[in-house]
1. Exactly one condition in (1) open to solvent by 50 Å² or more (accessible area, probe 1.4 Å); (2) in a helix (DSSP H, G or I) is false for L63; which is it?
2. Consider the stretch 42-60. How many of its residues are open to solvent by 90 Å² or more (accessible area, probe 1.4 Å) and touching a Phe, Trp or Tyr at 6+ places or on another chain (Cβ under 8 Å)?
3. Give me the residue from the stretch 68-87 that is charged (D, E, K, R) and out of contact with any helix residue (DSSP H, G or I) (no Cβ under 8 Å at 6 or more places or on another chain) and, out of that set, farthest from A6 (Cα to Cα).
4. Please enumerate the residues belonging to the stretch 1-58 that are touching a residue at least 24 places away in the same chain (Cβ under 8 Å), within 18 Å of D87 (Cβ to Cβ) and not in a helix (DSSP H, G or I).
5. With respect to A80, is the statement that it is open to solvent by less than 40 Å² (accessible area, probe 1.4 Å), assigned to a loop (DSSP other than H, G, I, E, B) and of a type in the set (A, V, I, L, M, F, W, C) true?
Amino acid sequence: MSKQIASRRLLIAIVRRAVLDFAVYKDAPKEQQEQYRLGTDAAGWLFFDGKETRDEKGRYSYLYICDLLDLDPKAIRAKAISLTRED
C-alpha cells in the first residue's frame with residue numbers, strides 16, 4: 001500500500017471517528033465526564049470554522065482534512081447531526 005493511500009485512509013478514519021463520537025456522545029450528561037468530553041471534543045472539532053490548518057495541539061482542522069480529501073464538510077456535518085446513538 002502506498003503512503004498516499006495509507007495517509008488518506010488515516011484522515012478518513014479521523015473524520016469518521018469524530019462523527020461517531022459526536023453521534024454517540026452528543027447528549028451525554030456532564031456527570032458522565034469521559035463521554036461528555038468525547039462528545040464536546042468531537043463537536044468542537046467538527047463544527048469549528050477557523051481558517052488555520054492546525055490547532056494549538058498540532059491537530060489538523062476538520063476543514064483542512066475535508067479540503068485534502070475533497071469532502072463536503074457541510075454534508076458530513078449534516079449527517080453527523082442527523083445520526084442518533086442507535087445509528
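The values are calculated or read from the model by the stated rules, or taken from the named source; none is laboratory data. Quick caveat: nothing in here was measured; it's all calculated off a predicted structure. Here the Cβ is made from the backbone with ideal geometry for all residues, glycine too, and neighbour counts use every protein chain on show. To get the accessible areas, we keep the full protein, side chains included, count just its heavy atoms, and leave off ligands, DNA and RNA. Shrake-Rupley method; radii C 1.70, N 1.55, O 1.52, S 1.80 Å.
1. The single condition L63 does not satisfy is (1).
2. Count: 3.
3. Within the stretch 68-87, the match that is farthest from A6 (Cα to Cα) is E86.
4. Scanning the stretch 1-58 gives a single hit, D27.
5. So A80 fails the test.
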